[in-house]
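Following: one structure in structure tokens, then a few remarks.
Just so you know, all these numbers are worked out from the coordinates, no wet-lab data involved. In this text, all values refer to a predicted model and were calculated from it rather than measured experimentally. Note that we place each Cβ from the backbone using ideal geometry, even for glycine, and neighbour counts take in every protein chain shown.
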Amino acid sequence: MPVSRRAVIAAAALAPLGGRLTWAAEPLIRRPIPSSGEMLPAMGIGTSRRYEVEPNAEAVAPLKAAVQSFVSLGGSVIDTAPSYGTAEDVLGLILAEPGLRQKIFLASKVDTQGRDATLAEFERSLKRMRVESLDLVAVHNLIDVNENLAVLRDLKRDKRIRYVGVTVWKDGQLDALEAVMKREPLDFIQVNYAIDNRAAAERVLPLAAEKGVAVMTNVPFGRDRLFKAVQGKELPPVAKDLGCTSWPQVFLKYVLGHPAVTCPIPGMAKVAYVEDNLAAARGPLPDPAQRKQLESFIDAV
């Protein structure tokens, strides 16, 4: 039977906090983009699946409310891609709200082959999102990575994008990602990393720190894998010591506890999820000993 995030949050909320602070009033943790020094709030929105709805006012309304709440609480990073169905069109409707685009660090991708096709895809993304430029464009899943990076660097030179990167989302791509990182100057990478999927921490995250590359992390919940693993389980004491009031906060604080991580990008399709996730980017993060405790807890379930 599928396990909903709502059920996991509700169950964890029933566990007593023992008077511990939740740090709700603290500002969001911010981390630098090493290539520029620009500071980013350390929690973003990923739009895969959750934002692939009909691009009409009724379907988009709850997503628009989520984005508005996200911005009001200090968030700015939104990540999307042309291959995410209607997500770019949906963002176009949301970002049409006066003054909103200026508050967003907007990232998308290219995932086609050949210079002309890639430029056409980029122009399509701008049109779909109703914007004139993007903050970050990455080569999706390392597709035609050499040619596409050359195209993106030209766009950066022409000030149509500000940052260039590459992305992967599964462990089988990590060796290829590492090779690209060693030979190409990059502003960003995006990689899969979660408390139960720590392969990226072996070589990729240390290499990003060494080379001064910002890191977005995707699938921090393993889709719904982690929620299924902890269904019915109370938060461990170490999680409560960190001010966590839900399992999603535990999972996100663990990811952010790695110093090379700039910004996780979980899906946030509801205001409640925005509020819950952004709480993970406030207050203390787990130190190495606490991270080991969390790993041991998850590995045992």
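For the chain, a simple Cβ point-charge model (Lys and Arg +1, Asp and Glu -1, everything else neutral) yields a dipole of about 440 debye relative to the Cα centre. Take the Cα of Arg30, go 7 Å toward its beta carbon, and none of the backbone nitrogen atoms of segment 90-127 fall under 12 Å from that spot.
When Rg and Dmax of the Cα atoms in Å is calculated for this entry, the matching label among [x] 19.5, 61; [y] 23.9, 73; [z] 18.6, 60 is [z]. Of all aspartates and glutamates in the structure, the ones whose alpha carbon falls short of 20 Å from that of Lys233, not counting any fewer than 8 places away in one chain, are Asp196, Asp224, Asp241, Asp276, Glu295, Asp299. Of the GluC sites (Glu not before Pro) found in segment 76-136, those in coil by DSSP whose Cβ has at most 16 other Cβ atoms within 10 Å are Glu132. Among Ala138, Ala117, Leu95, whose Cα sits farthest toward the positive end of the charge dipole of segment 71-145 (+1 at Cβ of Lys/Arg, -1 at Cβ of Asp/Glu, about the Cα centre)? Final value for the positive-end residue is Leu95.
Close amide H contacts of Ile45 (hydrogens built in the peptide plane, cut-off under 5 Å, sequence separation of 5 or more or a different chain): Val77, Ile78, Asp79. The calculated 222 nm mean residue ellipticity attributable to helices in the chain amounts to -12000 deg cm²/dmol, summing -39500 (n - 2.57) over DSSP H runs of n ≥ 4 and dividing by all residues. Using a cut-off of 32 Å between Cα atoms, the listed pairs Lys64/Lys292; Lys159/Lys253; Lys64/Lys182; Lys240/Lys270; Lys64/Lys109 include Lys64/Lys292; Lys159/Lys253; Lys64/Lys182 as exceeding that distance. In order along segment 88-94, phi translates into HN-Hα couplings of 5, 5, 4, 5, x, 5, 5 Hz, rounded to whole numbers, per the Karplus curve 6.51 cos²θ - 1.76 cosθ + 1.60 with θ = phi - 60° and x for Gly and Pro.
For Lys103, the aspartates and glutamates whose Cα falls under 15 Å of its own Cα, not counting residues fewer than eight places away in the same chain, are Glu38, Asp79, Glu132, Asp135.
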